[in-house]
1. Select, from Tyr57, Tyr67, Tyr80, the only residue that is in contact with a Leu (Cβ under 7 Å, 6 or more places away or on another chain), of a type outside the set (S, T, N, Q) and touching a residue at least 40 places away in the same chain (Cβ under 8 Å).
2. Report, by residue number, each residue of the range 68-85 that is part of a strand (DSSP E or B) and either under 21 Å from Gly131 (Cβ atoms) or not charged (D, E, K, R) (or both).
3. Return the residues of the range 106-129 that are within 10 Å of the chain's Cα centre (by Cα) and among the β-branched types (Val, Ile, Thr); say none if nothing qualifies.
4. Filter the range 119-137 down to the residues that are part of a loop (DSSP other than H, G, I, E, B) and touching a residue at least 12 places away in the same chain (Cβ under 8 Å) and list them by number.
5. Could you pull out the residue among Phe164, Phe141 that is among the aromatic types (Phe, Trp, Tyr) and modelled with pLDDT of 95 or more?
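The values are calculated or read from the model by the stated rules, or taken from the named source; none is laboratory data. Owing to the predicted nature of the structure, the values given are computational and were not obtained by experimental measurement. FYI the Cβ positions are ideal-geometry reconstructions off the backbone, even for glycines, and counts take in every protein chain you see.
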Amino acid sequence: MNRLRRTLSASLLLALSACAALSPPALTIGEPEASVIAKLGRPSASIPDGNDHLLEYGRNPWGQTTYMARIGRDGRLMSYEQVLTTEKFATIKPGISTKTDVLRIVGHPSETMYLPRQQLEVWTYPYKEQGVWNSMMHVHFDRSGVVRKMENGMDLRFDRDGKFGFFGN
């Protein structure tokens, strides 16, 4: 019985530590950039944005989240958020937004491709539509780097037996 308790306790601790590893560490607005990097690790990219810059923490190609830490001109954290969301994609405006704008809004894509007949470059972002459905957002750019259209659809990488989103029998 004592051995069973120890095994269950160890299993519970292991499960809790796994959950903690998946959630981002707590950051405090105003903390120095060095502290942010010490907690989060080296960013996947640093994106200039006027007097500020963004530290991108992408989990591509399979991850469905990208976190952005905005660092102000004073070298301190201004904001920290998950940017692969329906709301963030809605701020990208076809005919107006550029590649630079898209990088600042949602970061680097997990995949890029070129559609020669349409002469469009496509950036692809895996994400959870409304925080629930495994989806892909495809942002199409013309030759001048302006967004021409956006399309979202199912992320078929998670499809099993033609039952998208449902893994049961």
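1. Tyr80
2. Across the range 68-85, the qualifying residues are Met68, Ala69, Ile71, Leu77, Met78, Ser79, Tyr80, Glu81, Gln82.
3. Result: Val106, single match.
4. Gln119, Gln130, Gly131, listed by residue number.
5. Phe141
For every residue, the table says whether it meets (1) closer than 18 Å to Glu87 by Cα; (2) small (Gly, Ala, Ser); (3) buried (at least 17 other Cβ atoms within 10 Å of the Cβ); (4) in contact with a helix residue (DSSP H, G or I) (Cβ under 7 Å, 6 or more places away or on another chain).
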{"site": "Gly107", "(1), (2), (3), (4)": "yes, yes, yes, no"}
{"site": "Met113", "(1), (2), (3), (4)": "no, no, no, no"}
{"site": "Glu121", "(1), (2), (3), (4)": "no, no, yes, no"}
{"site": "Pro126", "(1), (2), (3), (4)": "yes, no, yes, no"}
{"site": "Gly131", "(1), (2), (3), (4)": "yes, yes, no, no"}
{"site": "Phe141", "(1), (2), (3), (4)": "no, no, yes, yes"}
{"site": "Met154", "(1), (2), (3), (4)": "yes, no, no, no"}
{"site": "Arg157", "(1), (2), (3), (4)": "no, no, no, no"}
